[in-house]
Amino acid sequence: MGVSERPYVIDRMISAKAIAARIEALCGEIQSEFAGTDKLIVVGLLRGSFVFIADLVRELDLPIEVDFLEASSYGDGMESSREVRILKDLRGAIEGRDVLVVEDIVDTGYTMHHVIRLLQGRNPARLRTIALLDKPTRREVDVKADWTGFEIPDEFVVGYGIDFAQRNRNLPFIGKVRFT
């Protein structure tokens with residue numbers, strides 16, 4: 001039996017209300033940082049960030065363009081492979097533009113580090129990052145998001161767009177996976 005086939009339960013860690021309140025606070029800080037921008041390009045890292053990015057852009061009172069980048073270092077497993085592959089690149093150019101990269105979770109740091117280096121090479125005016133969740137105890141690469149929603153312990157989590165073998169993305173909260 002594969003790890004994704006083992007029975008498990010999900011214990012709530014962060015409620016939908018707590019997530020909404022934190023996004024509202026973060027958007028105030030982001031709006032201050034990018035005040036006066038002619039357009040902020042919000043780059044969502046697929047797939048885990050899609051719910052977060054949707055709520056984030058609805059709360060921001062800035063001129064926004066949304067684009068997506070799909071990077072993978074997990075597959076269907078619970079551990080990072082530490083090899084980041086770009087599966088889908090941006091559609092538009094970011095040179096000379098203000099860019100906000102939206103990540104669901106910073107774990108080992110490999111994906112965020114790789115994406116930052118990739119996008120910095122495209123010469124944006126400003127490049128900032130935001131992560132809904134941060135697991136600093138798991139960090140293997142020296143990288144930190146400019147804004148973080150919640151710092152969490154080293155737990156395998158799902159919900160609010162984050163999956164386990166493509167399941168549980170639709171949960172409105174962040175929950176910890178506990179195998180039974």
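Computed from the coordinates by the stated procedures, all read-outs in this text should not be read as laboratory data. Treat the numbers as computed from the prediction; the structure is a model and nothing was measured. Heads up, the Cβs are rebuilt from the backbone with ideal geometry, glycines too, and the neighbour counts pull from every protein chain shown.
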Protection proxy ranking, peptides 42-49, 19-26, 154-161, average beta carbon neighbours within 10 Å, highest first: 42-49, 154-161, 19-26
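Where Rh denotes the Kirkwood radius from the mean inverse Cα pair distance, what is Rg over Rh for segment 48-129?
0.96
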Residues 89, 61 arranged by fewest to most Cβ contacts within 10 Å: 61, 89
For segment 21-69, the Rg and Dmax computed from alpha carbons only, in angstrom: 10.6, 30
Length added when fully stretched, residue 155-residue 95, from 0.36 nm per residue minus Cα-Cα: 17.9 nm
Long-range amide H partners of residue 49 with built H, under 5 Å: 104
Sequence-distant lysines (8 or more away, or on other chains) whose Cα lies within less than 28 Å of residue 135: 17, 88, 144, 176
Between helix 16-33 and the chain: long-axis angle, C-alpha atoms, 0 to 90°, nearest 10: 20 degrees
Given charges at beta-carbon only (K, R positive; D, E negative), |dipole| of the chain in Debye: 300 debye
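For the chain, what is the calculated [θ] at 222 nm in deg cm²/dmol (nearest 500), taking -39500 (n - 2.57) for each run of four or more DSSP H residues and dividing by its residue count?
-7000 deg cm²/dmol
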Percent of beta bridges antiparallel (DSSP, the chain, rounded to nearest 5): 35 percent
Estimated inter-spin distance, residue 165 and residue 126, nm [label 7 Å along Cα→Cβ]: 4.4 nm
Amide H within-cut-off set for residue 109, under 5 Å, with H built and near neighbours excluded: 140
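Within a Cβ distance under 14 Å of residue 62, other residues only, what is the Lys/Arg minus Asp/Glu net charge? Before the final figure, lay out each step's value.
Details: positive: 39, 58, 97, 126, 128; negative: 29, 33, 38, 59, 61, 65, 98.
Taking every Cβ under 14 Å from that of residue 62, the sum is -2.
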log10 of Debye I(q)/I(0), alpha-carbon scatterers only, for segment 15-155 at 0.10, 0.16, 0.19 Å⁻¹: -0.31, -0.81, -1.16
